[in-house]
Amino acid sequence: MQITLAPEYRDTPLGRQAQAILRQCVHCGFCTAVCPTYQLLGDELDGPRGRIYLIKQVLEGAAPTRETQVHLDRCLTCLSCESACPSGVRYGQLLELGRQAVDAKVPRPSAEQRARWLLRAGLPSIWFGPAMKLGQRLRGLLPAALRARVPAPRFSGAWPRARHPRAVLLPAGCAQPSMNPNIDAATARVLDAAGIQVVRARPGGRCCGALKHHLGDPEGALRQARANIDAWWPHIAPADGGQGVQAIVSNASACGLMLKDYGRLLAGDPRYAERAERVSALARDVAELLPELVPALRGRLKKTEGAIAWHAPCTLQHGQRLGDAMPAHLAELGIVLRAPQEAHLCCGSAGTYSLFQPNIANTLRERKLERLSEPHPADGARPARIVSANIGCIAHLQAQAETPVLHWIELIDQLLQKE
């Protein structure tokens, strides 16, 4: 795709990056066929190709409007289009740049500005945990719409205390420890059973920065990334010259995708560029440890009861390209996962998307749950459980699902026969 940048974008980092991405696009339309919002709304401008044209027009000098902003906002950033694109167009990065350019010229309604600010400030803050606990205590008294967004309390159980020669760092995170602390504890127990110690960073490393990054505060996201690097660095490169952690493990696929992007996002920061690249190189989704976990855990799990449906989060299957390997690895442990029809389509969670686009998000959730709950053609059995790999998807699906939804690492933890 040819583009002639307007003078205000010429020779700017934003313009150069966007131009390089746009030149890869060949207008083929494969992206449109797999786009959830295009499938629901049927509008070319609510598909990747249409949004690419809108961004191109803005960068060439056309004045963006509120309508332009809305079409870009409706994108889930699920990256299904990137999986389908034969030209390797980095649509997710282009959308970031396009949103920055449009938001700089189109003011948002005041109510929307307040809501975005509250989410950017509130979810990563130290007050989110106490607020979530209060909401869970009062959950039965909350209106139905609000109650659906407050998950029932989940208890984590004991953390392992054994020390192992091999160690990995598990970031503290922001929302997950309050919404479901058992995911972290289960991760620690499963890795401990495989001879891997989980360590935590000193205070200072919390939110990965993805929330601010996707809500129009790229500088705030970079500040959080730098704070994490500072908090994690003593574990990566100990001052005494000892062995650092072998990986930075994320059990929330959206956070893991963000960590793997630190190197790119901080490439222009002379102080942090090298360390950010090191962090990205060490970043692993816990699913990437399965080739090591399987030999250590084989034969130690109880037999599963009932069918298990597998929901691969977009950040895992399209962002990190890890979704296809999961069922094969778990099958070696005796856990058979059933992938639904339309597995490539987003469940509608997409971070804070469900708060700003509830109609689209809820429609996608209903569609996803219908597919996940379908009886299997071979035996007619409906799944007894649904497993996923990201707290946002788990909470979003569980708000409507009658079937229990949990993280796959929690399932391994439940089945693991303690020695």
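Structure notes:
- Amide hydrogen neighbours beyond the local backbone of His407, cut-off 5 Å, H modeled: Ser388
- The Leu41 and Gln341 beta-carbon pair, evaluated with R₀ = 22 Å, returns a calculated FRET efficiency of approximately 0.60.
- Karplus-derived HN-Hα couplings along segment 80-89 (A = 6.51, B = -1.76, C = 1.60, θ = phi - 60°), whole Hz, x at Gly and Pro: 4, 5, 5, 5, 8, 6, x, 9, x, 5
- With 25 Å as the limit, the listed pairs Lys260/Lys303; Lys212/Lys260; Lys56/Lys368; Lys105/Lys212 have Lys260/Lys303; Lys56/Lys368 beyond it between alpha carbons.
- Rounded FRET efficiency, nearest 0.05, which uses the C-beta distance separating Ala267 from Arg139 and R0 of 41 Å: 0.40
- With 0.36 nm allotted per residue and the present C-alpha distance subtracted, the Arg90-Asp73 stretch has 4.4 nm of extension available.
- Burial order of peptide ranges 241-247, 401-407, 308-314 (average beta-carbon count within 10 Å, highest first): 308-314, 401-407, 241-247
- Applying a DSSP loop filter and a limit of 11 other Cβ atoms within 10 Å to the trypsin sites (Lys or Arg not before Pro) in segment 259-320 leaves Arg271, Arg298, Lys302, Lys303.
- In segment 135-183, Cα pairs under 8 Å separated by at least six residues give a relative contact order of 42 percent.
- Over segment 75-225, all Cα pairs binned in 5 Å intervals from 0 give whole-percent P(r) values of 2, 8, 12, 14, 15, 15, 15, 11, 6, 2, 1, 0, listed from short to long.
- Cα-based helix-to-principal-axis angle, 13-22 vs the chain, degrees rounded to 10: 80 degrees
- Measuring between their Cα centroids, segment 312-362 and segment 195-234 lie 24 Å from each other.
- Averaging 1/r over each pair of different alpha-carbon atoms in segment 48-135 and inverting the result gives 15.0 Å, the Kirkwood hydrodynamic radius.
- Put simply, when 9-17, 141-149 are sorted by average Cβ atoms within 10 angstrom per residue, most first, you get 9-17, 141-149.
- Gyration tensor (Cα) of segment 168-325, equivalent ellipsoid semi-axes in angstrom: 27, 19, 14
- Under Karplus coefficients 6.51, -1.76 and 1.60, residue-wise ³J(HN,Hα) of segment 168-185 in Hz, glycine/proline x: 10, 9, 10, x, 5, x, 10, 7, 4, x, 8, 7, 7, x, 5, 4, 5, 5
- The apolar share of the surface of segment 208-273, taken as the fraction of accessible area on carbon and sulfur atoms (1.4 Å probe, ligands and nucleic acids excluded), comes to 54 percent.
- Close amide H contacts of Ser250 (hydrogens built in the peptide plane, cut-off under 5 Å, sequence separation of 5 or more or a different chain): Arg284, Asp285, Val286.
- Cα-projected label distance for Arg166 with Glu374, points at 7 Å along beta-carbon direction, nm: 3.8 nm
- Taking amide H as placed 1.01 Å from N in the peptide plane, the amide H of Ala307 sits under 5 Å from that of Ala384, each at least 5 places away or on another chain.
- Cα gyration tensor shape of segment 365-415, rounded if a/c is under 1.5, else prolate or oblate by comparing a/b with b/c: oblate
- For segment 271-410, the share of alpha carbon pairs falling in successive 10 Å distance bins from zero is 11, 38, 32, 14, 4, 0 percent.
- Segment 372-419, accessible surface, carbon-and-sulfur percent (1.4 angstrom probe): 49 percent
- Working note: Karplus 6.51/-1.76/1.60 with θ = phi - 60° gives segment 329-341 the couplings 5, 5, 4, 5, 9, x, 9, 9, 9, 10, 7, x, 5 Hz, where Gly and Pro are set to x.
- For the pair Gln246 and Thr65, a Förster radius of 35 Å applied to the C-beta separation gives a FRET efficiency near 0.10, rounded to the nearest 0.05.
- In a fully extended conformation the segment linking Arg300 and Ala131 would gain 57.0 nm over its present Cα-Cα distance, using 0.36 nm per residue.
- Taking the longest Cα principal axis of the chain as reference, the axis of helix 48-59 is set at about 50 degrees.
- In this rough spin-label picture, where each label sits 7 Å from Cα along the Cβ direction, the Lys418-Gln57 distance is 6.2 nm.
- Shape of segment 283-349, Cα gyration tensor, a/c cut at 1.5: oblate
- When each of the peptides 151-160, 44-53, 124-133 is scored by the mean number of other C-beta atoms lying within 10 Å of its residues, the order from highest to lowest reads 44-53, 124-133, 151-160.
- Linear extension gain, Ser110 paired with Val26, 0.36 nm per residue minus alpha-carbon span: 26.4 nm
- The mean accessible area for residues of segment 81-180, using a 1.4 Å probe and ignoring ligands and nucleic acids, is 57 Å² per residue.
- Helix axis angle, 358-372 relative to the chain longest principal axis, alpha carbon, degrees: 40 degrees
- Distribution of pairwise C-alpha distances over segment 141-238, 5 Å bins, in %: 2, 12, 16, 17, 19, 15, 11, 6, 2, 1
The values are calculated or read from the model by the stated rules, or taken from the named source; none is laboratory data. Because the structure is a prediction, the values reported are computed rather than measured. Note that each Cβ is placed from the backbone with ideal geometry, even for glycine, and that neighbours are counted across all protein chains shown. The protein model used for the area step is the full one, side chains on, heavy atoms only, and it has no ligands, DNA or RNA in it. Shrake-Rupley method; radii C 1.70, N 1.55, O 1.52, S 1.80 Å.
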